[in-house]
Amino acid sequence: MTSSQVQSPPYGLTLTELLVVMGLIGLLLTLAIPSYVDLQHQQLLRKTLTQTRLLFREAQSLAMVESKTTRLQITTGASWCLAITRQTSCNCLIESDCAVAGREYKVSAAKTPILLFHSTFVPANSTSFDSTGLSYGFAGSLTFKIAERQAKLILSNLGRVRVCMAQGQLSGVPQC
């Protein structure tokens, strides 16, 4: 090599540098994925609690506006659902079986990992609001579960609907 030729530095990464970078990326993903899944579960539970609370409020509102008793049909289990109806019994898993005035008011599992696994309503498959919006004699609670969290939706005899966490924490939702 002559003095007029200058050697340029090599371009690219060495195998060692590439392995270190891949190791760091793997470590970051290992730490981030469980947090992301937990965040998804929190958002699904929050969404389900909000939709269910609003469905109870809608049933109460329909009962008061139309001065007619309005029922909420409850199906628990993995493929759970809740629907507003005026019938004595309906199956909310069947499309339009629980319609009120041609409109279906319904919240369901809809391919989520959330489980509605317990209902304290008597009978266990329904609750009711009278024409004044009260649920006297039909108070109870629903318990939703996802991963390590359990949330309750509680209906009082006076028609008050509230949510709380029975197990685990969810920001903005008080403990039971």
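With the structure loaded, tell me whether SER156 is under 19 Å from THR75 (Cβ atoms) and surrounded by 14 or more Cβ atoms within 10 Å (Cβ to Cβ) or whether it fails that test. First the steps, then the outcome.
Working: under 19 Å from THR75 (Cβ atoms): no; surrounded by 14 or more Cβ atoms within 10 Å (Cβ to Cβ): yes.
For SER156, the condition - under 19 Å from THR75 (Cβ atoms) and surrounded by 14 or more Cβ atoms within 10 Å (Cβ to Cβ) - is not met.
Could you give every pair whose Cβ atoms fall below 6 Å, whose first residue belongs to region 26-51 and is surrounded by 10 or more Cβ atoms within 10 Å (Cβ to Cβ), and whose second residue is part of a helix (DSSP H, G or I) and among the aromatic types (Phe, Trp, Tyr), counting only separations of at least 6 or pairs across chains?
Here the result reads none, with nothing in region 26-51 linked to a residue that is part of a helix (DSSP H, G or I) and among the aromatic types (Phe, Trp, Tyr).
Do you know which of the residues in region 103-142 that are surrounded by fewer than 16 Cβ atoms within 10 Å (Cβ to Cβ) and among the aromatic types (Phe, Trp, Tyr) is farthest from the chain's Cα centre (by Cα)?
The qualifying residue farthest from the chain's Cα centre (by Cα) is TYR136.
Looking at region 37-71, which of the residues that are under 12 Å from the mean Cα position of the chain (by Cα) and of a type in the set (Ser, Thr, Tyr) is nearest to SER128 (Cα to Cα)?
THR52
Where the second residue is in a strand (DSSP E or B) and of a type in the set (Ser, Thr, Tyr) and the first is without any contact (Cβ under 8 Å) to a residue 40 or more places away in the chain and lies in region 70-82, which pairs have Cβ atoms under 6 Å and are six or more apart or on separate chains?
What qualifies is CYS81/THR75; CYS81/SER108.
Within region 138-152, can one find any residue that is over 14 Å from PHE56 (Cα atoms) and of a type in the set (Val, Ile, Thr)?
The answer is yes; a qualifying residue exists.
Is there any pair linking a residue in region 124-137 that is under 15 Å from GLN73 (Cα atoms) and in contact (Cβ under 8 Å) with a residue 24 or more places away in the chain to one that is surrounded by 13 or more Cβ atoms within 10 Å (Cβ to Cβ) and of a type in the set (Asp, Glu), with Cβ under 7 Å and at least six apart or on different chains, and which?
none
Return yes when ARG71 is surrounded by fewer than 19 Cβ atoms within 10 Å (Cβ to Cβ), within 23 Å of SER141 (Cβ to Cβ) and among the basic types (Lys, Arg) and no when it is not. Walk me through how you get there before you give the answer.
Numbers: surrounded by fewer than 19 Cβ atoms within 10 Å (Cβ to Cβ): no; within 23 Å of SER141 (Cβ to Cβ): yes; among the basic types (Lys, Arg): yes.
The answer is no for ARG71.
When VAL163 is evaluated against the numbered criteria (1) touching a Lys or Arg at 6+ places or on another chain (Cβ under 7 Å); (2) over 18 Å from THR50 (Cα atoms), which criterion, by number, is the only one it fails?
Result: VAL163 fails condition (2) only.
Of the residues GLY140, GLY102, GLY159, only one is more than 23 Å from HIS41 (Cβ to Cβ) and without any contact (Cβ under 8 Å) to a residue 12 or more places away in the chain; which?
Working: GLY140 fails: without any contact (Cβ under 8 Å) to a residue 12 or more places away in the chain; GLY159 fails: without any contact (Cβ under 8 Å) to a residue 12 or more places away in the chain.
One residue alone meets the criteria, GLY102.
Bear in mind these aren't lab numbers, they're just calculated from the coordinates by the rules spelled out. No experiment lies behind these values; they were computed from the predicted model shown. Reconstructed Cβ throughout: ideal geometry from the backbone, glycine too, with neighbour counts over all protein chains shown.
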